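**Student:** Next up is a structure, given as structure tokens.
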Amino acid sequence: MPETFAEFSLRHPAALLLWVGAIFAAVKIVRRRAKAWAWPALAEARAAGGHAGEADRWLRAGLRALAIAALAVAIAGPVVQRRAAAPPELGLDLVLVVDASGSMQALDAKLGAGWGTRLDLAREVVSRFAQRRAASGDRVGLVVFGEEAFTQCPLTRDGRLLAASLERVRPGVAGENTALGDALALAVKRVAARTDARDDARVVVLLTDGRSNAGEIPVDVATELARSQNVRVHTVGIGGEGRVAIERSQGAARRGLHFARQDLDADTLEWIASHTGGRFFAARRPADLEQVYETIDALERSERPSQARRLSTPRPEPWLAAGGGFLALELLALSALRRPLP
């Protein structure tokens, strides 16, 4: 659990002055000086370099005062208070569903100075989104689908693992068609596996550019499953209508481009979102995708009432060590500076 230093405090600050006074009085009684006797050869001692020891007496008195103050602070109960991050159980369980069918190879995504496929753009945007959510305390998982759906990464708070999992997603890795119902059902299963999560802590974000035309589970059945499990589903439709250039990469002899008509089923995606308490987002241009995920990021923020709680840890050891150190210095000054009379 990440923590940041908050402040230093005393459990019994009012008792600090009383302890200082009591310790000074005790030391005064114990270290009371004996009555002085007249020294018949005082003039000869001074001529030989002897002195009354005022400088070393003040030095030792200062060191003793510091030792007493450190001991008083230790007795007053010093504590270090740290502001603790929200417990992990207060975060969300969030599964990201990414379409990796053949149509995601459409070359209409602007990436830097050049053009890339929709899947290239989705990997980049979804990776940043996943790492932000994991860093904030959410558990994030990844489901990839084409003709089939599979779990690419289980629920985790490891942002680097999520980024590496997304990097390995390739177009057509699960087939060329779109099994939307299978993907949604699998995502619901993954996000609802944790039975102790709050009812509002399960979220699925589904991104696709096509229409469901494969799989064994109908979209409406998967949607009802999500609704029964209190899983909110945000749907993201990328691309518009019309023919787009698609990169063909199945085998070296067939590499190249072909043109196909975009077939996004926006009505179905909007229906899924509305029936599960989520929202539908249309990224008409690939450049809009970043803004879509930023909006979802702002929408899905969990209430974390324990985020401001403080953890108090007793820390008398440094003050006890400091007091012992000052006493040791006093003894050293006593042995080094006091000059015995001959």
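The values are calculated or read from the model by the stated rules, or taken from the named source; none is laboratory data. All values derive from a computational prediction rather than experimental measurement. Cβ: placed from backbone, ideal geometry, glycine included. Neighbour counts: every protein chain shown.
**Student:** Name the single residue that is nearest to the chain's Cα centre (by Cα) among those in region 139-161 being part of a strand (DSSP E or B) and closer than 17 Å to residue 124 by Cα.
**Tutor:** Narrowing region 139-161 to residues part of a strand (DSSP E or B): 139-145, 149-156.
Okay, now just the ones that are also closer than 17 Å to residue 124 by Cα, so 140-144, 152-153.
Details: 140: 13, 141: 16, 142: 19, 143: 23, 144: 25, 152: 22, 153: 19 Å.
Applying the filter and picking the extreme gives 140.
**Student:** Further, regarding this structure: Let me confirm something: among 190, 194, 227, which residue is in a loop (DSSP other than H, G, I, E, B), assigned by TED's automatic domain parsing to the domain that holds residue 296 and among the basic types (Lys, Arg)? First the steps, then the outcome.
**Tutor:** Values: 190 fails: in a loop (DSSP other than H, G, I, E, B); 227 fails: in a loop (DSSP other than H, G, I, E, B).
Matching residue, one of 190, 194, 227: 194.
**Student:** If we scan region 107-115, do we find a residue that is modelled with pLDDT of 70 or more and either buried (at least 21 other Cβ atoms within 10 Å of the Cβ) or charged (D, E, K, R) (or both)? Before you say what the answer is, go through the steps one by one.
**Tutor:** Taking region 107-115 as the starting set, the residues that turn out to be modelled with pLDDT of 70 or more are 107.
Imposing the further condition that a residue be either buried (at least 21 other Cβ atoms within 10 Å of the Cβ) or charged (D, E, K, R) (or both) reduces the set to none.
Taking every residue of region 107-115 in turn, none turns out to be modelled with pLDDT of 70 or more and either buried (at least 21 other Cβ atoms within 10 Å of the Cβ) or charged (D, E, K, R) (or both).
**Student:** If you take the residues in region 162-192 that are under 19 Å from residue 268 (Cβ atoms) and aliphatic (A, V, I, L, M), which one is farthest from the chain's Cα centre (by Cα)?
**Tutor:** Restricting to residues being under 19 Å from residue 268 (Cβ atoms) and aliphatic (A, V, I, L, M), the top hit is 179.
**Student:** Sort out which residues of region 173-187 are part of a loop (DSSP other than H, G, I, E, B), surrounded by 18 or more Cβ atoms within 10 Å (Cβ to Cβ) and among the small types (Gly, Ala, Ser), and write them in order of number.
**Tutor:** Once the filter is applied, which keeps residues that are part of a loop (DSSP other than H, G, I, E, B), surrounded by 18 or more Cβ atoms within 10 Å (Cβ to Cβ) and among the small types (Gly, Ala, Ser), region 173-187 yields 174, 179.
**Student:** For residues in region 275-331 being modelled with pLDDT of 80 or more, aliphatic (A, V, I, L, M) and not assigned by TED's automatic domain parsing to the domain that holds residue 79, which is surrounded by the fewest Cβ atoms within 10 Å (Cβ to Cβ)?
**Tutor:** Step by step, filter region 275-331, then rank; the result is 298.
**Student:** Could you check residue 210 against (1) in contact with a strand residue (DSSP E or B) (Cβ under 7 Å, 6 or more places away or on another chain); (2) crowded, with 19+ Cβ neighbours inside 10 Å; (3) at pLDDT 90 or above and say which number it fails?
**Tutor:** It fails just one condition, (3).
**Student:** Further question: Given the criteria modelled with pLDDT of 90 or more, in the same structural domain as residue 219 (by TED's automatic domain parsing), of a type outside the set (S, T, N, Q) and assigned to a helix (DSSP H, G or I), does residue 126 qualify? Break it down stepwise before answering.
**Tutor:** Values: modelled with pLDDT of 90 or more: yes; in the same structural domain as residue 219 (by TED's automatic domain parsing): yes; of a type outside the set (S, T, N, Q): yes; assigned to a helix (DSSP H, G or I): yes.
Here the answer is yes, as residue 126 does meet what is asked.
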